[in-house]
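Novice: First the structure, then my questions, so here it is.
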Amino acid sequence: MDLRPCVQSESSTVELEIGLADEQDRKEIYRQRHQVYSAELGQHAANCDESISDPIDEINIYLVVKRLGSIVGFISITPKGSPRFSIDKYLDRIQFKELDWDSLYEIRLFTVIPDERNTSVASLLLYGAARWLQENKASSCIAMGRKEVMRLYRKIGFFPLGKTIKSGDVEFELMMIDNLQIDEALKRFEKVRARIGWSVHWNFSFPRIREINCYHGGASIESLCCNPDKLESQKTIINADVLDAWFPVSPSALSAMADHISWLAKTSPPVLSYDLEKTIGKQRGIDPNSVLAGAGSSDLIFRAFQNWLDYSSRVLLVTPCYGEYEYVCRQVIGCQVDYLETSVENGFSLDQEELVSRLAENSYDLVVIVNPNNPTGVFWSRMDWERVVDRIPGKTRVWIDECYIDFVDSRQSLERVASKRNQLIVCKSLSKCLALSGLRVGYLTCSSGMCDELRRVTPPWNIGMLGQIAATAALQDRSYYDERYRETHALRQQLESDLHQLGFVVVPGTANFTLVYLPPGIAKLDFLSRCRARQLFIRDMFPTSPCLGERAVRIAVKSEPECRRMIDIIRQTLLECGT
């Protein structure tokens, strides 16, 4: 069975359905259990009733997948607080005293009929079970996974507890998953479903998707929950799953905030950020009328795209790229999205001739390019892009995301070109490069006409006083940040070298992060979970960028002491996962 949703044997006229089993379904499930676990696997003795059930069936629930009304797969969940689990037949709970047995759920009897084992039924069952656990706020779940299908359990986040169980001729591995892994598994599944297609009737009382925003993967930040009582823990957490600056904001910006913090906190900012835009224009050599400030790049993406696009629009994304673009285009606006994918096989280099050809052959309203690319770190020079932009059809807007370009070289930015062109827009965040992520400041550079158009849909006071003052001061402290960028390059190169020595495949980067592929034989979700237990958070890239493959992770550059600690944790974790 393959975990990926598969449409090989399914058509738009033959749909699957998934839901909770009723009493009539249970009779068929018990019959199929006899057929599979007795006749096929020899795990149970045959009986004249040709039906298998057990006492746990009195308290468990079954999820069933049907095709044209017939059950083609099922999975059982035993709720927390159950006096017994199926694993109690094989082990003593005292062997795992560290588990909170009162809060555990158990998944068992993951079964797909033979004719459906190469379709999406297995994926749908696992997705439904994970979604049910999420909806019921399960903190952890255990399972006995048959060794033949261990990779399926591992792919949705289960990790082994080091106990093998034998029943008849079948060997099982005792496994576990926690709530964070459940959340990540669902995002991974939904991303694949959106890209491949998955025709199914969802017959639960809760919706198929709980996530209502783009997945950003900042589990380290979410663990703090903006709770003042938890802020001390930021001293022990390594938040390498987000791309916040490893260095502090410039001393001049810090001083400007600290000296006037009480007044800045209580005082309303200007209705529009004209003074900040003037400072940006002066420091970047741009006409201030061609600068539009925003509360970070996401604010600008939401505002501009919804003003320019509608459901009839066509957008081309050069991928992999920042996930907000696909989310806004597909989920918020509902327009058609096409993809020009780069791949690891050619170092994620972009064939610019292919890009120009695609744009010339199709009526795209917008093309989105992230440079340097997030998450690959690949960079294309200003000279290359100037040549490309000159050849793009005039009706196509070209959006270039340069949020990390200052880490490369601010002179490579196309913002001065954009200020004089009607079809070119450059989006830049000051959050990461100026260490202002918590204050949310960014800007667009485009023609003054487009800026005026977007100012009409800009809400008043959208950037707070603290953010405007800090950004204004930081922008004028260029020497401080240039030195931090040089240090970042050295730290990234050392990090990439250390990771390469540990067996990772490293994609050479240019900014404040590196994209790597796990060494062979290491289960990704098990690895990430064990790192997290040691307070190291690393970004799984599959939920937002399936084209990167299952084994890609992104690691942010941190300070030298944190990088050393990070490598030590990774080394220890690899040793554990490799056993």
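The values are calculated or read from the model by the stated rules, or taken from the named source; none is laboratory data. Not measured: the values here are computed from a predicted model. Glycine also receives a Cβ, built like all others from the backbone with ideal geometry; neighbour counts cover every protein chain displayed. Surface areas here come from the heavy atoms of the whole protein model, side chains and all, with no ligands, DNA or RNA. Shrake-Rupley method; radii C 1.70, N 1.55, O 1.52, S 1.80 Å.
Novice: When D526 is evaluated against the numbered criteria (1) closer than 25 Å to E345 by Cα; (2) at pLDDT below 90; (3) among the acidic types (D, E), which criterion, by number, is the only one it fails?
Specialist: So D526 meets the others, but not (1).
Novice: Oh, and also: Just to be sure before I move on: is F110 open to solvent by less than 10 Å² (accessible area, probe 1.4 Å) and touching a strand residue (DSSP E or B) at 6+ places or on another chain (Cβ under 6 Å) in the structure I sent?
Specialist: No; evaluated as a whole, the condition is false for this residue.
Novice: Another question, then. Pick from F206, F189: which is open to solvent by 10 Å² or more (accessible area, probe 1.4 Å), touching a helix residue (DSSP H, G or I) at 6+ places or on another chain (Cβ under 7 Å) and either polar (S, T, N, Q) or not in a helix (DSSP H, G or I) (or both)?
Specialist: Going through F206, F189 in turn, just one is open to solvent by 10 Å² or more (accessible area, probe 1.4 Å), touching a helix residue (DSSP H, G or I) at 6+ places or on another chain (Cβ under 7 Å) and either polar (S, T, N, Q) or not in a helix (DSSP H, G or I) (or both): F206.
Novice: Looking at (1) in contact with a Cys (Cβ under 8 Å, 6 or more places away or on another chain); (2) over 25 Å from G377 (Cα atoms); (3) of a type outside the set (D, E), which is the only condition L276 fails?
Specialist: Result: L276 passes all but (1).
Novice: Okay, next question. Of everything in the range 134-161, what is touching a strand residue (DSSP E or B) at 6+ places or on another chain (Cβ under 6 Å), crowded, with 20+ Cβ neighbours inside 10 Å and in a helix (DSSP H, G or I)? Give them in sequence order.
Specialist: Listed by number, the list holds a single entry, Y153.
Novice: Going through the range 162-173 one residue at a time, which ones are in contact (Cβ under 8 Å) with a residue 60 or more places away in the chain and open to solvent by 20 Å² or more (accessible area, probe 1.4 Å)?
Specialist: K163, G168, D169
Novice: Name the residue, out of V505, V516, that is surrounded by 21 or more Cβ atoms within 10 Å (Cβ to Cβ) and modelled with pLDDT of 90 or more. Please lay out each step first, then the result.
Specialist: Working: V505 fails: surrounded by 21 or more Cβ atoms within 10 Å (Cβ to Cβ).
When all the criteria are applied, what remains is V516.
Novice: For Y327, are the conditions met, namely being surrounded by 14 or more Cβ atoms within 10 Å (Cβ to Cβ), under 26 Å from V557 (Cβ atoms) and of a type in the set (S, T, Y)?
Specialist: Working: surrounded by 14 or more Cβ atoms within 10 Å (Cβ to Cβ): yes; under 26 Å from V557 (Cβ atoms): yes; of a type in the set (S, T, Y): yes.
Yes.
Novice: Filter the range 262-277 down to residues that are hydrophobic (A, V, I, L, M, F, W, C) and over 35 Å from the mean Cα position of the chain (by Cα), then give me how many there are.
Specialist: First, the residues of the range 262-277 that are hydrophobic (A, V, I, L, M, F, W, C): 263-265, 271-272, 276.
Pick out the ones that are also over 35 Å from the mean Cα position of the chain (by Cα) and you get 263.
Here the count works out to 1.
Novice: Then there is this: Taking the range 309-322 as the region of interest, how many residues are surrounded by fewer than 22 Cβ atoms within 10 Å (Cβ to Cβ) and out of contact with any helix residue (DSSP H, G or I) (no Cβ under 9 Å at 6 or more places or on another chain)?
Specialist: Total meeting the criteria: 2.
Novice: While we're looking at this one, here's another question. Given the criteria outside any strand (DSSP E or B) and either surrounded by 13 or more Cβ atoms within 10 Å (Cβ to Cβ) or not aliphatic (A, V, I, L, M) (or both), does A129 qualify?
Specialist: So A129 passes the test.
Novice: I'm told Y485 meets every condition in (1) open to solvent by 30 Å² or more (accessible area, probe 1.4 Å); (2) within 30 Å of P269 (Cβ to Cβ) except one. Can you identify the failing condition by its number?
Specialist: (1)
Novice: Go through (1) open to solvent by 50 Å² or more (accessible area, probe 1.4 Å); (2) modelled with pLDDT under 95; (3) out of contact with any helix residue (DSSP H, G or I) (no Cβ under 8 Å at 6 or more places or on another chain) one by one and return the number of the condition R539 breaks.
Specialist: Result: R539 fails condition (1) only.
Novice: Also, quick follow-up: Of all residues in the range 50-70 being farther than 13 Å from V121 by Cα and among the small types (G, A, S), which is modelled with the highest pLDDT?
Specialist: Step by step, filter the range 50-70, then rank; the result is G69.
Novice: Filter the range 253-297 down to residues that are farther than 17 Å from D406 by Cβ, open to solvent by 20 Å² or more (accessible area, probe 1.4 Å) and assigned to a helix (DSSP H, G or I), then give me how many there are.
Specialist: 16
Novice: Still on this model: Can you tell me how many residues within the range 459-486 are part of a helix (DSSP H, G or I) and touching a residue at least 40 places away in the same chain (Cβ under 8 Å)? Lay out the reasoning, then the answer.
Specialist: Initial filter on the range 459-486 (part of a helix (DSSP H, G or I)): 465-475, 478-486.
Remaining after also requiring touching a residue at least 40 places away in the same chain (Cβ under 8 Å): 465-475, 478, 480-481, 484-485.
Selection size over the range 459-486: 16.
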